[in-house]
Structures are given as C-alpha cells and as structure tokens.
C-alpha cells in the first residue's frame, strides 16, 4: 500500500503553485483529500478551483505565513477538524531572494521562511506522526535544494537555509525509523516555477533545459515507491550522474583539506572539471 491512495489526506505548504501544486494534483489523481496552505490568496483561489473541480468537499485551502508558529497551530486545528489525521505532509514553501553580507532583511526573510517554515511545520505535525497507531503508510516530504548540498557561491542565506533543511530531514528520517512514516528530502533540479518566472498566469515559455513541476512530482512518486530518502531530481541539462560527481567533488574539499568551494575557484576549476569527467558512478 502507498501513501498515494484514495481516502488519504495530504497537507502541502507552498501548494498553490509550482511543485507544491503539481504534487497536490498528483494526490488528487490518486483520490486523496488535499489541504493546500500558501501565503498567496490569489493563487490559493485558483488552486482550489483547479483541485476541487470534481469533488470540492475533498479540497480546502488555507492562507499561511509559515514563519509564524501561531498560524501553524491554527492550521493544525482547522485541518484536523475538516479532514482528521494527516497522512502526507509536504513542507514545500520557500522563497528565493538575492542579497549579501550586511543585508539584514535578506537573511531574516530567507531563514524565517525557508528554515523556520520547516521547523514550525515539523514542531506542529511531527509529534502526531510519531504517535500514529495506524499501520497505513504515511510520509513527510521536505523540499530542499542542490544549493544546500553543493553550496555554489552567490546566495549564502538561501544555501544555508536549504543546508539546514537537509539536516533536519535526515534527523527526522532517523527518528521515525521503524514506523509507518517514511521521510523524503525532495531536491529538485532546474524547474520552471514561480522562482524562475513560471508562476500562475505567466506567458513565459519554459526553457528547454528545465523540468516542469509535473515532471518533478512524477519523479518524486517513483523514488518514494523505491523507498528513497534522497530524491535528487535531474533536469534536461543535468543528469543524475553529473549531480553525483559534483557532490563528490564538493565533499572532497573537506576530506582532502582543500579550501571551500573549490569548484568555482579559478585555481581549481580545471582540476575539478577533469576529475569529475573521469568519475564513474
């Protein structure tokens, strides 16, 4: 039995657009009830119409600022009253900003949403997954980023938030081992979402190298069925093997005592590219 099954209930944050909406649509195709939480009221209204077209009573939307723990408590009460127990929790809400050292607002907003949005969600709902008595499969999905693994220069707050999210997901997976709840870290590749100009109502054409949100959702479901915790999505430009070689080189900075971020340092670029080209995964 899979968590994607009729009568099961999913709660998805950042679910009114992009990958979150694609996963909500996937859940609906499996006959699941869906609660969508998002900060954007306009996108929420569109999502409710789309997702609840045939069975509106099985879909509900909630406006939520994931950085506010009191709103999470209110959401838990409302969702519980309408749907009962949550079977699939997807913590997907996130923002992408650009900033640098000295820009307090940049660091504050990124960490409040991308990191504490996950912390608040887990503190609100993880205990109920720990105390589940049902043997039916349940899942918690947390959306990370390749930037939280390979850590490319140029966006320190975003990278730090996603690196911390990876750590939280790993600990949660360990703590829920032996239960009916599986934990998954979803790491999308280049995906055409609102963060890249592909939000609801956009007339921009999807770049050839990017995946659609639906492709990410389908890949995620496949890997979940295979029991994978790390769901590292490729895209049309970057293969799974290339991602793995990049990750191996990055951890080598620690193992071999190199300075950090050597993949992007001029004095190491040629060596890094040659090394990665020779690796067989």
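Which of (1) in contact with a strand residue (DSSP E or B) (Cβ under 8 Å, 6 or more places away or on another chain); (2) at pLDDT 95 or above is the odd one out, the single condition residue 225 does not satisfy?
(1)
Residues that are surrounded by 19 or more Cβ atoms within 10 Å (Cβ to Cβ), modelled with pLDDT of 95 or more, part of a loop (DSSP other than H, G, I, E, B) and assigned by TED's automatic domain parsing to the domain that holds residue 231: does the range 76-84 have at least one?
No, every residue in the range 76-84 fails to be surrounded by 19 or more Cβ atoms within 10 Å (Cβ to Cβ), modelled with pLDDT of 95 or more, part of a loop (DSSP other than H, G, I, E, B) and assigned by TED's automatic domain parsing to the domain that holds residue 231.
Looking at the range 224-242 only, could you name the residues that are more than 14 Å from the chain's Cα centre (by Cα) and either crowded, with 17+ Cβ neighbours inside 10 Å or assigned to a loop (DSSP other than H, G, I, E, B) (or both)?
226, 227, 228, 234, 235, 236, 237, 238, 239, listed by residue number.
Could you say whether any residue in the range 91-110 is buried (at least 22 other Cβ atoms within 10 Å of the Cβ), closer than 30 Å to residue 249 by Cβ and without any contact (Cβ under 8 Å) to a residue 60 or more places away in the chain?
Yes: the range 91-110 contains one or more residues that are buried (at least 22 other Cβ atoms within 10 Å of the Cβ), closer than 30 Å to residue 249 by Cβ and without any contact (Cβ under 8 Å) to a residue 60 or more places away in the chain.
Of all the residues that make up the range 96-120, how many are outside any helix (DSSP H, G or I), within 14 Å of the chain's Cα centre (by Cα) and modelled with pLDDT of 95 or more?
Residues flagged as outside any helix (DSSP H, G or I), within 14 Å of the chain's Cα centre (by Cα) and modelled with pLDDT of 95 or more within the range 96-120 amount to 0.
For the range 27-43, indicate whether the set of residues that are within 17 Å of residue 224 (Cα to Cα) and under 14 Å from the mean Cα position of the chain (by Cα) is non-empty.
So far as the range 27-43 goes, no, none of its residues is within 17 Å of residue 224 (Cα to Cα) and under 14 Å from the mean Cα position of the chain (by Cα).
Here's the yes/no breakdown for (1) part of a loop (DSSP other than H, G, I, E, B); (2) at pLDDT below 95:
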{"site": "122", "(1), (2)": "no, no"}
{"site": "126", "(1), (2)": "no, no"}
{"site": "134", "(1), (2)": "yes, yes"}
{"site": "152", "(1), (2)": "yes, no"}
{"site": "158", "(1), (2)": "no, no"}
{"site": "163", "(1), (2)": "no, no"}
{"site": "171", "(1), (2)": "no, no"}
{"site": "178", "(1), (2)": "yes, yes"}
{"site": "199", "(1), (2)": "yes, yes"}
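Consider the range 24-59. How many of its residues are closer than 20 Å to residue 94 by Cα and outside any helix (DSSP H, G or I)?
Within the range 24-59, residues that are closer than 20 Å to residue 94 by Cα and outside any helix (DSSP H, G or I) number 7.
Just to be sure I understand, how many residues within the range 48-68 are in contact with a helix residue (DSSP H, G or I) (Cβ under 6 Å, 6 or more places away or on another chain) and surrounded by 15 or more Cβ atoms within 10 Å (Cβ to Cβ)?
Here the count works out to 9.
How many residues does the range 249-276 contain that are assigned to a helix (DSSP H, G or I) and either assigned by TED's automatic domain parsing to the domain that holds residue 232 or surrounded by 15 or more Cβ atoms within 10 Å (Cβ to Cβ) (or both)?
Summing the residues that are assigned to a helix (DSSP H, G or I) and either assigned by TED's automatic domain parsing to the domain that holds residue 232 or surrounded by 15 or more Cβ atoms within 10 Å (Cβ to Cβ) (or both) in the range 249-276 gives 10.
The values are calculated or read from the model by the stated rules, or taken from the named source; none is laboratory data. For clarity, every value in this text was computed on a predicted model and none was experimentally measured. In this analysis, Cβ positions are derived from the backbone assuming ideal geometry, glycine residues included, and neighbour counts consider all displayed protein chains.
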